[in-house]
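Notes follow the structure.
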Amino acid sequence: MTADSSSLDHERRLAQIESTLPHLVTKADLHALEARLTRWIAGIGFGVVGTLIIVVGTSIAVLVDRFSG
């Protein structure tokens, strides 16, 4: 292996790395994703709690109506 072919190989590898870098995720990207996921999960949590309140309330109303008269 000559010095010329070795430097060409290094240049090719460096070019591949440099072409890949813009596509990698950054810390800022991860923090933004974390914030979006946190808001999404919180929204789901409120939806689940709201649904449970409605189901429990409706069940209690049905049971009271059935057994009261």
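The values are calculated or read from the model by the stated rules, or taken from the named source; none is laboratory data. Just so we're clear, the structure is a prediction, and the values are computed from it rather than from any experiment. Ideal geometry is used to build each Cβ from the backbone, glycine not excepted, and the neighbour counts take in all protein chains shown.
What about SER68, is it loosely packed, with under 10 Cβ neighbours inside 10 Å and modelled with pLDDT under 90?
The answer is yes for SER68.
Which members of the range 17-30 meet the condition of being of a type outside the set (Asp, Glu) and surrounded by 10 or more Cβ atoms within 10 Å (Cβ to Cβ)?
From the range 17-30, those of a type outside the set (Asp, Glu) are 17, 19-28, 30; that's our starting set.
Passing the criteria: only LEU30.
Looking at VAL48, VAL56, which one is out of contact with any Ser or Thr (no Cβ under 7 Å at 6 or more places or on another chain), of a type in the set (Val, Ile, Thr), modelled with pLDDT of 95 or more and surrounded by 10 or more Cβ atoms within 10 Å (Cβ to Cβ)? Lay out the reasoning, then the answer.
Values: VAL48 fails: modelled with pLDDT of 95 or more.
Exactly one of VAL48, VAL56 is out of contact with any Ser or Thr (no Cβ under 7 Å at 6 or more places or on another chain), of a type in the set (Val, Ile, Thr), modelled with pLDDT of 95 or more and surrounded by 10 or more Cβ atoms within 10 Å (Cβ to Cβ), namely VAL56.
Test THR38 against the criterion of being over 15 Å from the mean Cα position of the chain (by Cα) and either outside any helix (DSSP H, G or I) or on the phi < 0 side of the Ramachandran plot (or both), and give yes or no. Step through it out loud before you land on a result.
Working: over 15 Å from the mean Cα position of the chain (by Cα): no; either outside any helix (DSSP H, G or I) or on the phi < 0 side of the Ramachandran plot (or both): yes.
For THR38, the condition - over 15 Å from the mean Cα position of the chain (by Cα) and either outside any helix (DSSP H, G or I) or on the phi < 0 side of the Ramachandran plot (or both) - is not met.
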